[in-house]
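Please treat every number below as a calculation from the coordinates, not as lab data. Since this is a predicted model, take the numbers as computed values, not measurements. Note: ideal-geometry Cβ built from the backbone for every residue, glycine included; neighbour counts use all protein chains shown.
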Amino acid sequence: MAAKITGANRHDVTQLLPLVKAIPPIAGKCGRPRQRPDRLQGDRAYDSQPHRKSLRKLGIVPVLAKRRTEHGSGLGVYRWVIERTFAWLYQFRRLRVRYERRDEIHEAFLSIGCIMICWNRLSNSFC
């Protein structure tokens, strides 16, 4: 999992490749750890040919909705996972409204929120 914070006036597509490159290696199996996911899902905001080519060059299959097409591409079935995670993060008051002026402090609270969500999901799956 990787999370980055940006200004509210930044477009999503400008942060696509830095976010993908920020994903830490996945350890656990013998041999070289995986560095990147197999595929990446995104909505119409991420649809651009240069980004599709960059993702393919990194060995990632882009599953991005096309602009100027009808809804029903199938991505809506999986989009609720992302929206649900945002809703879980917004339950933390410090993430819902940003009170901190320094980026490092807000990023720390974002990391703590992600850790707490993962911990709750893992602890509920073993019960």
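Taking Cα pairs under 8 Å and at least six residues apart, what relative contact order does the chain come out at, in percent?
With pairs under 8 Å counted, the relative contact order is 18 percent.
With no solvent and one equal point scatterer placed on each C-alpha of the range 1-71, evaluate the Debye formula and give log10 I(q)/I(0) for q = 0.22 Å⁻¹, two decimals.
Here log10 of I(q) over I(0) equals -1.04.
What's the extension gain from Lys57 to Glu107 if we count 0.36 nm per residue and subtract their Cα-Cα distance?
15.1 nm
Looking at the chain, which longest stretch skips every one of the GluC sites (Glu not before Pro) that is in a DSSP loop with at most 15 other Cβ atoms within 10 Å, leaving the sites themselves out?
No qualifying site falls inside 1-69, the longest such stretch.
Listed highest first by mean packing, meaning other Cβ atoms within 10 Å per residue, what order do 5-12, 90-97, 51-58 come in?
Sorting 5-12, 90-97, 51-58 by mean packing, highest first, produces 51-58, 90-97, 5-12.
Pick out the long, greasy-scoring helices in the chain: whole DSSP H runs spanning 27 Å or more along their own axis by Cα, mean Kyte-Doolittle at least 1.0.
Result, helices passing both filters: zero.
I need two numbers for the chain: Rg to one decimal and Dmax as a whole number, Cα atoms only, in Å.
Gyration radius and largest Cα-Cα distance of the chain: 16.4, 45 Å.
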